[in-house]
Amino acid sequence: MTAESQPPSHELHCGNHRTFPPVYVELLPKIRSLVVSILLPPAQRLAKPVVTESRIILPPQDDLSASGCTLDLPAAADPVSVSVTRTPDGLSLKLALRHSAVLPPDPSTTDPRSDVPALANLVSICCHACSSNLLLPTPAGSASRFAKAVELPSEYWHELTDCWACHTEDYSQMPGQKGGVVLAKPGILMVGKSHVVLHPGDVDFAALDVDLAESSKGVLRVGRTAPALCSTCRTPVGDYQFDTIPLTRDAVRDQVHGIKLYKYRVAFETAASVPIPSPTLSMNTTSPPLPPPPFRPFVTYFVDELRDSTEAHAAYRFAVSEKDAEGPRLLIWVLSWNVFISSTIAAPQPTPYRTLRPAVKVLYVDFAPVSGVCPPPHVKALCTAWEHDPQVEHVSLHKSLCDEVLDALKSSSTHIPPAQRESKGFSVGFLARA
């Protein structure tokens with residue numbers, strides 16, 4: 001196999017001759033397109049790059065060099081399709097991918113099906129901040145705190161039943177759910193994308209407090225909830241689920257029907273010494289125990305939450321507010337749900353984006369005052385317009401989580417070429433999905 005025909009590694013590699021300039025790459029699998037933005041000094045922007053199926057070659061900067069520098073493309077491209085545009089900070093090349101191009105895998109990092117087997121031998125769920133166990137002790141003689149772990153449907157399943165049904169049954173009366181909330185069962189761990197749901201009988205109420213003053217009906221959730229706090233460090237770790245919010249703490253145990261714990265607030269511990277049945281081998285054969293699901297930051301789950309909301313409501317604009325605050329803190333306009341991004345611009349070494357990563361590309365506006373100065377009038381007008389637009393989805397987050405999303409967006413913008421970081425009054429950024 002020749003170097004030209006070898007399959008790509010989906011990683012940005014510079015050739016042996018020179019260090020390639022900073023580069024930003026977007027791969028769009030839906031339209032099988034590749035966009036490569038190269039940052040160049042003014043003297044080099046008139047250069048004509050040579051494009052092959054697997055490389056971009058920049059000509060030498062002077063007569064003393066026998067050859068220029070090369071960039072290995074992350075997927076096989078059609079060199080005939082190349083379109084070169086000079087930008088204020090370099091060159092932009094657009095290429096169509098060959099039909100034979102091998103695209104990078106796009107697994108869902110928050111797919112609950114991948115977590116269910118790993119949680120089959122769960123023994124404890126601990127607060128991620130202080131490591132306090134939130135569950136009752138594992139029953140004597142049992143390898144796991146739960147009889148089994150099962151996958152939960154999307155939180156928007158109840159809203160989509162009219163699309164699934166071809167008759168007029170009343171799905172609001174389906175057993176096992178109430179008002180669209182799947183009811184927890186004793187000894188059963190229900191696993192969703194960003195959370196797990198437990199029956200109150202499996203939870204140590206001494207380790208888990210409730211903040212009734214902050215009770216509400218969540219924007220992206222169904223059912224009435226009140227924040228669940230770690231009793232040791234007071235960190236919010238999830239929600240108590242109620243039909244009716246109790247008036248006093250004494251009534252909490254009688255009225256709670258489930259407790260939701262967020263994966264980005266807790267850590268899972270499994271019995272590593274307990275083997276689990278292998279689904280591909282005989283019933284009497286066991287495979288090595290699986291490690292617990294890895295801890296992932298909130299932003300990873302936030303992206304999937306927005307994606308689920310979009311699939312349910314066909315909305316691409318989101319107004320994100322801090323709880324108990326007036327007006328949105330952040331506006332997000334989704335440009336592309338399915339894009340792979342790689343960059344060597346303004347990044348530490350080794351850059352986290354040298355390998356193509358699945359991401360959501362967005363426009364965003366931060367309404368937080370900068371150095372005590374309020375946003376300009378046109379930004380305020382945009383905020384007012386979105387706030388009253390019925391096609392805009394509203395999301396309410398705790399301030400710390402809102403800051404986490406904003407920090408991720410602002411950091412992502414530094415990996416984009418400077419000339420592409422703003423568009424029509426919005427900042428341009430992306431949220432990594434893995």
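Read-outs throughout are calculated quantities, based only on the coordinates presented, and are distinct from any laboratory measurement. Just so it is clear, the model here is predicted, and its values are computed rather than measured. Every residue, glycine as well, gets a Cβ built from its backbone with ideal geometry; the counts of neighbours run over all protein chains shown.
Determine ³J(HN,Hα), in whole Hz, for all residues of the stretch 321-338 in sequence, where each value follows from phi through the Karplus function 6.51 cos²θ - 1.76 cosθ + 1.60 and θ = phi - 60°; x replaces Gly and Pro.
Per residue, the Karplus-derived 3J(HN,Hα) values read 10, 7, 4, 6, 9, 8, x, x, 9, 8, 10, 10, 10, 6, 8, 8, 7, 10 Hz.
Computed FRET efficiency, Cβ-Cβ of residue 379 and residue 313, R0 35 Å: what is it to the nearest 0.05?
Details: r = 25 Å, r/R0 = 0.72.
Once rounded, the FRET efficiency stands at 0.85.
Amide H to amide H under 5 Å from residue 195: which residues, 5+ apart in sequence or cross-chain, H placed 1.01 Å off N in plane?
263
If amide H atoms are built 1.01 Å from N in the plane of the peptide, which residues on other chains or at least 5 residues away come under 5 Å of the amide H of residue 102?
76
Take residue 148 and residue 234, extend 7 Å from each Cα along the Cα→Cβ direction, and tell me the distance between the two endpoints in nm.
4.2 nm
Under a 5 Å amide H to amide H cut-off, with H placed in plane at 1.01 Å, what residues pair with residue 266 once short-range neighbours are removed?
It is 128, by chain and number.
What is the calculated FRET efficiency for residue 248 to residue 410, with r their C-beta to C-beta distance and R₀ = 56 Å, to the nearest 0.05? Walk me through the numbers on the way to the answer.
Values: r = 43 Å, r/R0 = 0.77.
Efficiency for this residue pair is about 0.85.
Would you tally the net charge around residue 196, using a Cβ to Cβ cut-off of less than 12 Å, leaving residue 196 out, and scoring K and R as +1, D and E as -1? Each step should come with its number before you reach the end.
Numbers: positive: 145, 193, 260, 263, 265; negative: 115, 151, 202, 239.
Cβ neighbours under 12 Å give a net charge of +1.
Net charge within 15 Å of residue 387 by Cβ-Cβ distance, Lys/Arg positive one each and Asp/Glu negative one each, not counting residue 387 itself?
It works out to a net charge of -1.
Which whole-Hz couplings ³J(HN,Hα) result when phi for each residue of the stretch 77-84 is put into the Karplus expression 6.51 cos²θ - 1.76 cosθ + 1.60, θ = phi - 60°, listed in order with x for Gly and Pro?
10, 8, x, 5, 7, 5, 10, 9
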